[in-house]
1. Name the most mobile residue of F108, F177, F29, meaning the one with the largest mean-square fluctuation, in a Gaussian network model of the chain with Cα contacts below 10 Å.
2. Using a basic spin-label model with each label point 7 Å from the Cα along Cα→Cβ, how many nm lie between V163 and K35?
3. Would you work out the relative contact order for the stretch 54-118, in percent, from Cα pairs under 8 angstrom that are 6 or more residues apart?
4. Carbon and sulfur: what percent of the chain's accessible surface (1.4 Å probe)?
5. With bins 5 Å wide starting at 0, give me the P(r) of the stretch 54-130 over every alpha carbon pair, in whole percents.
6. Quick one: among D154, D142, D122, which has the greatest mean-square fluctuation in a GNM of the chain with alpha-carbon springs under 10 angstrom?
7. Have a look at V194, V90, V124 and tell me which one the Gaussian network model of the chain (Cα, springs below 10 Å) gives the largest fluctuation.
8. Under the definition of Cα pairs under 8 Å and six or more residues apart, what whole-number percent is the relative contact order of the chain?
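The values are calculated or read from the model by the stated rules, or taken from the named source; none is laboratory data. Because the structure is predicted, anything quoted here is derived from the model rather than measured. Don't worry about glycine lacking a Cβ; one is built from the backbone with ideal geometry, like all the others, and counts go over all protein chains shown. What goes into the accessible areas is simple: the full protein's heavy atoms, side chains included, and nothing from ligands, DNA or RNA. Shrake-Rupley method; radii C 1.70, N 1.55, O 1.52, S 1.80 Å.
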Amino acid sequence: MNELWDWTCSQFEDADKMSSPLQGATMKFLASLLKPKRILEIGCYTGYSAMAWHEATGPLQTEITTLELDPKMIAASRRTFDKYHLNDRVTLIEGPAGDSIPRLTGHFDLVFVDANKDGYQDYVAKILDRRLLSPGGLILCDNIFARGMTISTDANPQLPDKVRPYWTANGKALDRFNRFCKADPRVDSVLLPVFDGLTLIKWKDGGAGV
Ligand code: SAM
């Protein structure tokens, strides 16, 4: 994972899209605790988080499905999965997540939402509507603070002008997403002030009827 992290930083100007090593360690901790049989990841980038899921779930032989839209990142992820021999359990589905999710079947025990921020509400709604989350399953949604912009456009004076419009728009979308999570009677959710904001979502009634 360290080698892939260094490689990604050396190759891509937007490498801050990749999870941090501390996030990677947290993912591995959670996966080894929760013991998911199937993991769905929305937003693959260079495959760093998929590698974390893979590393933590060897004994369980967990099946990992990851969705990616950008041809450049699809190529980078395929390089990762080939180079580090992850294809035994990782499946990369190419294309927009909004099209890929409705084609998925069965239950996922752990879902990591980490793609375009204006898509989170649609992705989580589709996952819940289609009962893709297992009864005891957990959805993790990354970057809910949008570098602070979800809270206020004044929240982060250090945010560079170059990326400010991007994160401001994301902040608005994620504010709508937070309201959606709070209002949906099917789920409990909690927004943890860790990393760039991490929301945890589970079925409210333990998934009865899922
Ligand atoms: N999960 C990765 C990690 O932890 O290293 C980082 C993912 S990065 C934040 C978001 C990725 O989502 C990008 O590679 C981007 O191309 C992809 N993406 C953006 N919009 C998407 C969409 N509509 N469908 C699928 N992937 C998308």
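1. Comparing F108, F177, F29 in a Gaussian network model of the chain, the most mobile one is F29.
2. Rounded to a tenth, the inter-label distance reads 3.9 nm.
3. Numbers: 45 pairs, mean separation 23.6, N = 65.
Once normalised by length, the contact order is 36 percent.
4. Heavy-atom surface of the chain belonging to carbon and sulfur, 1.4 Å probe: 56 percent.
5. Taking all Cα pairs of the stretch 54-130, the binned fractions are 3, 13, 25, 24, 19, 13, 3, 0 percent.
6. Its mean-square fluctuation being the largest, the pick is D154.
7. V194
8. Relative contact order comes out at 16 percent.
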